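K.L.:
Okay, handing you the structure first.
What follows draws every value from the coordinates through simple rules; no lab data is involved. Computed from a predicted structure; not experimentally measured. Using ideal geometry, Cβ is built from the backbone for each residue, glycine included, and neighbour counts are taken over all protein chains shown.
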Amino acid sequence: MPRTATTALGDILSSINGYNMIYEPFNASQGILSVEKNYLIPGANTDNSNFDDIFDSIINLNAKFKLGIKKDDSVIKKTIKTLFGNESSLSLLKSKFFPNQKKLIVKDPFLVFASLHLSKNYKIVMCERPILPLAGSFKRMGWEFPEYDRLVKDFESMGIRDIEKIENNSISLPVLGAIQFCQLYSIFKHRIDGKENIYFFNQDNFSINPEDSIKKLFNWLDEKCTDKILKKVQRLNSGDTLIPKKDVQHDLSYKKSLSNKYYKSILTDEEISFIDSVAEERFELPTRGL
């Protein structure tokens, strides 16, 4: 899921000897050229074979990427992306030119609904976060969820019908988007829960008990949790501020142990009340981890 510490976790996992991370290749704005929309679902909004071909291009390290230039990018950033690439394409180049790397991590929240298909051949770490702080994070970043209506139809192609859409004109669009996302994820989770190759990583537990959380994950991956890894984990709570900066996607200056508390200063009472009522009535909160 987006905004659930996927980047921090990907960075930790890529510190394992022999591992490297590909950053969001299925992000339609900066990822692989042939990825035209976010949240691909093999067998629903894309053919299985087409999806597998795209994914194989990542594994074979020959995928071609978009420039990923955004309207609000500075001239310097536009120049760097044009000459060298964006975060996604550069991560693949790094993997390609480090031949000692044996395993790949594909860090991509846009693959959340492709996880069932991918779990047939790969290990999946599904990051989850409680809905209130998730909504707070969406609002802090100003992120909306324009794919909602399309994905409801895509879910119908998977045989999931009669989804009662969540709408509310009196709360902010980012908060509504977080609620809508959690609704679809909660429905989808019933299809992946209990699958042997899927590990549910609880971001809330990670923020409070980072070392214990990482050790359990490493045990599932059958990897050694070294002192180097633990030191990297400990640095997550070394910040000295209580709230991350507005619009800063990965603010390293605040304590991650407080990541699920600052929503109280961002969400309105009306938004919190609506989230509580909708979540209790319509779907199970994605808070459970191993």
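K.L.:
Tally time: how many residues in the stretch 226-269 are among the small types (Gly, Ala, Ser) and either under 16 Å from PRO210 (Cα atoms) or touching a Leu at 6+ places or on another chain (Cβ under 8 Å) (or both)?
P.N.:
So the answer is 4.
K.L.:
When residues of the stretch 219-257 are filtered for being in a helix (DSSP H, G or I), surrounded by 17 or more Cβ atoms within 10 Å (Cβ to Cβ) and among the hydrophobic types (A, V, I, L, M, F, W, C), how many remain? Spell out the reasoning first.
P.N.:
To start, the set of residues in the stretch 219-257 that are in a helix (DSSP H, G or I) comprises 219-221, 227-237, 256-257.
Those still in the list that are surrounded by 17 or more Cβ atoms within 10 Å (Cβ to Cβ) too: 229, 233, 236, 256.
Applying the additional criterion that residues be among the hydrophobic types (A, V, I, L, M, F, W, C) yields 229, 233, 236.
Residues in the stretch 219-257 being in a helix (DSSP H, G or I), surrounded by 17 or more Cβ atoms within 10 Å (Cβ to Cβ) and among the hydrophobic types (A, V, I, L, M, F, W, C): 3 in total.
K.L.:
Still on this model: Quick one: in the stretch 69-88, of everything that is within 22 Å of the chain's Cα centre (by Cα) and farther than 22 Å from ILE41 by Cα, which residue is surrounded by the fewest Cβ atoms within 10 Å (Cβ to Cβ)?
P.N.:
Here the residue is LYS70.
K.L.:
Output the number of residues of the stretch 205-221 satisfying the condition of being under 21 Å from ASN260 (Cα atoms) and in contact with a strand residue (DSSP E or B) (Cβ under 8 Å, 6 or more places away or on another chain).
P.N.:
Adding up the residues that qualify gives 2.
K.L.:
Would you confirm, using the coordinates I've provided, whether ASN168 is among the polar types (S, T, N, Q), assigned to a loop (DSSP other than H, G, I, E, B) and surrounded by fewer than 19 Cβ atoms within 10 Å (Cβ to Cβ)?
P.N.:
In short, yes.
K.L.:
Okay, moving on. Can you tell me how many residues within the stretch 227-255 are of a type outside the set (A, V, I, L, M), in contact (Cβ under 8 Å) with a residue 60 or more places away in the chain and on the phi < 0 side of the Ramachandran plot?
P.N.:
Adding up the residues that qualify gives 6.
K.L.:
Within the stretch 145-195, track down each residue that is over 23 Å from THR4 (Cα atoms) and of a type in the set (S, T, N, Q).
P.N.:
SER157, ASN168, ASN169, SER170
K.L.:
Counting only residues that are surrounded by 19 or more Cβ atoms within 10 Å (Cβ to Cβ) and of a type in the set (S, T, N, Q), which one in the stretch 173-195 is nearest to SER137 (Cα to Cα)?
P.N.:
Of everything passing the filter in the stretch 173-195, GLN180 is nearest to SER137 (Cα to Cα).
K.L.:
Still on this model: Taking the stretch 36-73 as the search range and keeping residues that are of a type in the set (Phe, Trp, Tyr) and out of contact with any Phe, Trp or Tyr (no Cβ under 8 Å at 6 or more places or on another chain), which one is farthest from GLY159 (Cα to Cα)? Steps first, please.
P.N.:
Pass one, the stretch 36-73, residues of a type in the set (Phe, Trp, Tyr): 39, 51, 55, 65.
Still in the list and also out of contact with any Phe, Trp or Tyr (no Cβ under 8 Å at 6 or more places or on another chain): 51, 55, 65.
Values: PHE51: 19, PHE55: 24, PHE65: 32 Å.
Among those that are of a type in the set (Phe, Trp, Tyr) and out of contact with any Phe, Trp or Tyr (no Cβ under 8 Å at 6 or more places or on another chain), it is PHE65.
K.L.:
Suppose the filter is over 15 Å from the mean Cα position of the chain (by Cα) and surrounded by 19 or more Cβ atoms within 10 Å (Cβ to Cβ); does GLN203 pass it?
P.N.:
no
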